[in-house]
């Protein structure tokens, strides 16, 4: 578009500004207002409220006076959020933030690799739709049921996991996995991986479907081995999806609540041994003694960790 | 086209020419009868049967997929069996007793009957989905087509809400609902779900609308259609696939949600189904049959919906996170 055209365009706009643009502006407002009102009241508003409220002292549910960083300092010094002594000795409970980050460190890489592996494995099989749906089933199930199913699997009597241990001769390890403070978190992370792998596989499958099979065929003809074909053809195409998979995984894990609640109630397990940030928010906000200031700080920590990642995804395209 | 670079391409050109002429056999050399298959049945069958590595691949794939649903298989089996048999291991199938007792007890569970809870869940989910679809489509239209002030800022808020954990809005919404008297009511929870879902729905539908050419709308404008008529008669019908995706995903999300009902529904007669399930675990011995029956009833709806509208669900899921 030349400069001349641009100026013409501006002039054309100005000619119609009084008539058509008014009508257009009214239409835009009518389309936007109902949705944005609800969005503002029930989503943006509460977030702003929490951001502001984290700097105030609270009496129950009502805001009192400005206290600066008081809530923030108090929260970071709280052993329920970060328990330095136990981290040094690697004993649970290590604090909800530490445990939540441990969850990220284990859950995200493993579920990403499993998702990619399954997508590649199923890619050219007959009946792949059924296989994929079987793996994806967990992701459509309410997560509270996932938590209950995990308790069922790890039950000392009725649980199939303990039966498996008995069969392979590890009777000494049979226990109620979700109630044993030092191992329960790993048992639950395994459950999280079980669910999220299906979602990751779905994203990878749709990326793999975009690869032209003839390219792979011709690479085969040219004598490229399995690994070479993967790194040179498949990987460059699935790499952008990997960023999405990893970031969605982190968002999912930083929000994890239902699974932990099902297994350990609002305490997050015996002696809070596998509590996560979401659980701490719930307990601080809705169980006496009510501490809205802390609840808001913890929820903001959750947001601060994932917000840059979400903005990064949005910037990618 | 090969004339420009004679040294590099002379050889291949010559070869392919030779190959091309050899494709055609002279007319008198065409045989009278059809060519006989040069493979006997044995080799043909051998070629149709997958090779060893491929068979192995199928075996691994099926084993993995089965492993992934074993926990649900266990849940399903447990829901039809008495507690004694579940404690002895649901994988022992000999002498199995099938009973619907668990379902009957879960349906009329004393604290919060599952029948009532499922009804509550439906009452909350259906309006939360329909309203989000309508308001989301309305708001997405200007986002896709027009420039207006504060557009970038609104975008930023939408992304912020999509990244935020539900816990972050719980405190503010708790106070708001108390203030306006909608705490512990269907309407309150519905409003929270609508406000929470609108962010991703607007973004998702806007991306979809960007892919629809504008010419149709321009033509309709010239014919004198108003912007509302265009929205109703062109935009909504054209975005049907995206709206179906929104409906399935939002339905699953609202139906499966546990945290919002836990915070906003406090009277047992208003409990939603996911909320009732952890109450069923009891204190001393977990009633696995009861929990399993309740879980199967609760998950049946989203799973059925997923299987029916699998294509929309998957496409929507992929588009929602990758666009």
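What follows draws every value from the coordinates through simple rules; no lab data is involved. Just so it is clear, the structure is predicted and the values come from calculations on it, not from any experiment. Cβ: placed from backbone, ideal geometry, glycine included. Neighbour counts: every protein chain shown.
Structure summary
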| quantity | calculated |
| --- | --- |
| Mean separation of Cα contacts under 8 Å, 6 or more apart, over the residue count of the range B:76-221: relative contact order % | 28 percent |
| Which of B:253, A:231 has the fewest Cβ neighbours within 10 Å, and the rest in rising order | A:231, B:253 |
| Residue-averaged beta-carbon neighbours from other chains (10 angstrom radius) around A:128-136 | 5 |
| Within a Gaussian network of chain A (alpha carbon springs, distance under 10 Å), most fluctuating of A:212, A:78, A:155 | A:212 |
| Net length gained if the chain between residue A:229 and residue A:23 were fully extended (0.36 nm per residue, minus Cα distance) | 68.4 nm |
| Degrees between helix B:166-180 axis and first principal axis of chain B (Cα, 0 to 90, nearest 10) | 40 degrees |
| Full-extension gain in nm, residue A:52 to residue A:287, via 0.36 nm per residue minus C-alpha separation | 82.4 nm |
| Principal-axis tilt of helix B:186-210 within chain B, Cα atoms, nearest 10 degrees | 20 degrees |
| Pair residue B:51, residue A:267: separation of 7 Å Cα→Cβ label points (nm) | 5.9 nm |
| Shielding by other protein chains, A:252-265, mean Cβ within 10 Å | 3 |
| Cβ-Cβ FRET estimate between residue B:229 and residue B:155, R0 fixed at 30 Å, reported to 0.05 | 0.65 |
| Additional length obtainable on full extension of the chain from residue B:73 to residue B:122, 0.36 nm per residue less Cα span | 15.1 nm |
| Sum of -39500 (n - 2.57) over DSSP H runs of 4+, divided by residues of the protein assembly as shown (222 nm, nearest 500) | -22000 deg cm²/dmol |
| Percentage relative contact order, chain B, counting C-alpha pairs under 8 Å, at least six apart | 26 percent |
| Within a Gaussian network of chain A (alpha carbon springs, distance under 10 Å), most fluctuating of A:174, A:104, A:260 | A:174 |
| Percent RCO, i.e. relative contact order, over chain A, from Cα pairs under 8 Å lying at least 6 residues apart | 23 percent |
| Residue A:89-residue B:304 pseudo-label distance in nm [points 7 Å out on the Cα-to-Cβ vector] | 5.3 nm |
| Spin-label proximity, residue A:120 to the range A:132-149 - amide N less than 17 Å from point 7 Å beyond Cα toward beta carbon | none |
| For the range A:168-236 and the range B:229-262, distance of Cα centres in Å | 31 Å |
| Chain B: angle of helix B:310-322 to the longest principal axis, Cα-based, in degrees nearest 10 | 90 degrees |
| Max mean-square fluctuation residue, GNM over chain A, Cα-Cα springs under 10 Å, options A:180, A:57, A:218 | A:218 |
| Which of B:153, A:248 has the fewest Cβ neighbours within 10 Å, and the rest in rising order | B:153, A:248 |
| Under 20 Å from the residue A:129 label point (7 Å along Cα→beta-carbon), backbone N, the range B:285-305 | B:302-305 |
